[in-house]
Amino acid sequence: MKVPQILSCIVLAAGVQMAATALALDFRVETDVFLGTEKDPIAENLTLFSDGQVYDFLLSGSPEITIYDPSRGQFKLLDTERKLRSSVSTQHLLEMLEGMESHIVKGNDTFLRAMVNPKFETKVEEFDDNGETRVRITMSSKEITYKVVGERPQHAEAVHAYRQFADYFSRFNAVRLGGLPPGARLALDQALAERSLIPIEIERTDSAPGRKLEVKSRHLINWILSKQDRQRITEAGNYLAEFKELDFDEHRLMPPVKTASKSTGSRR
């Protein structure tokens, strides 16, 4: 086994023990994603933390459900349009990502190389928002700029739960069709966790050669799951039993199904 793989196993084993307690907390995060100055969201997600697992529902575009189980070190992907399911271990994700990034750093795409290991300058400031203390973090490099507003949650253990999910979700999305290296998001997650924050607003600007892309997201956090939330979780469990199983390496490269609703989905 390669040294990076050994280190990954050690990190993963240590993280599972911490996540087991943190993820026992139930809460929900609604996310709206906006492109540039558009007023209507291009994507909507609902993320439910419940009983040690995380359920992410893509509500716009081609609907899909992603289930993250940190205790088993596994992701499950449910394609509700094609009625397909697949699974992948977090260890296999790390191995795929290692190969992907190794290929990128040997290539000529300077933007992608910078995304593998971004070098940010970071500025942090606290401000008052209607009597609530918020923290603004600005992380900037030549290629990527983040402007983030974070809050200290009611339940401190939610910080680790959210960071654990966000880290691995960014890796999960990186190996899918059209995915990008997760280095920038991992750096942001670390900056937030070090300050005991969960993001409520994220603005990211990518400055690739010949184009500039601005994406904003808003996150609404609630510490109680609704009856409908729990029905969604039950439904996802039923899909696991009903849908046809597909190899993840085949599933991850399938293009999204075009629907009559918003055609642009976001995997954040």
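Taking amide H positions as modeled 1.01 Å from N, with prolines and chain starts lacking one, the residues under 5 Å from GLN74 and 5 or more places away or on another chain are ASP69, THR90.
My understanding is that a pair violates if its Cα-Cα distance is over 22 Å; which of LYS106/LYS216; LYS39/LYS227; LYS76/LYS147; LYS76/LYS244 do that in this structure? All intermediate terms of the calculation are to be shown ahead of the outcome.
Values: LYS106/LYS216 31 Å; LYS39/LYS227 30 Å; LYS76/LYS147 31 Å; LYS76/LYS244 13 Å.
Long pairs (Cα-Cα over 22 Å): LYS106/LYS216; LYS39/LYS227; LYS76/LYS147.
Using the Karplus relation 6.51 cos²θ - 1.76 cosθ + 1.60 with θ = phi - 60°, the per-residue 3J(HN,Hα) values for the range 121-130 come to 9, 10, 10, 10, 8, 9, 8, 9, 10, 6 Hz, with x marking Gly and Pro. Remark: the range 150-165, residue by residue, has Karplus-estimated 3J(HN,Hα) of x, 10, 8, x, 4, 10, 4, 5, 5, 4, 5, 4, 5, 5, 4, 5 Hz, where x stands for each Gly or Pro and the curve is 6.51 cos²θ - 1.76 cosθ + 1.60 at θ = phi - 60°. Run through the DSSP bridge list for the chain and note the antiparallel percent, rounded to the nearest 5. That works out to approximately 95 percent antiparallel. Close amide H contacts of SER60 (hydrogens built in the peptide plane, cut-off under 5 Å, sequence separation of 5 or more or a different chain): GLU44. Using a ≥ b ≥ c from the Cα gyration tensor of the range 121-189 (square roots of the eigenvalues), is it rounded, prolate or oblate, where a/c under 1.5 gives rounded and otherwise the larger of a/b and b/c decides, a/b for prolate? Note, shape of the range 121-189 comes out oblate. Of the accessible area of the range 74-202, computed with a 1.4 Å probe over protein heavy atoms only, carbon and sulfur atoms account for 44 percent. Here's the list of aspartates and glutamates a cross-link from LYS212 could span, going by alpha-carbon distance under 16 Å and ignoring same-chain residues fewer than 8 apart: GLU38, ASP109, GLU143, GLU203. The share of Cα pairs per 10 Å bin across the chain, counted from zero up to the longest distance, runs 6, 28, 39, 23, 4, 0 percent. Note that the chain presents 52 Å² accessible area per residue, ligands and nucleic acids not counted, probe 1.4 Å.
A simple rule links phi to the HN-Hα coupling: the Karplus curve 6.51 cos²θ - 1.76 cosθ + 1.60 with θ = phi - 60°, which for the range 90-104 gives 5, 5, 5, 4, 4, 5, 5, 5, 4, x, 4, 6, 4, 5, 5 Hz, with x for Gly and Pro.
The values are calculated or read from the model by the stated rules, or taken from the named source; none is laboratory data. Just so it is clear, the structure is predicted and the values come from calculations on it, not from any experiment. The protein model used for the area step is the full one, side chains on, heavy atoms only, and it has no ligands, DNA or RNA in it. Shrake-Rupley method; radii C 1.70, N 1.55, O 1.52, S 1.80 Å.
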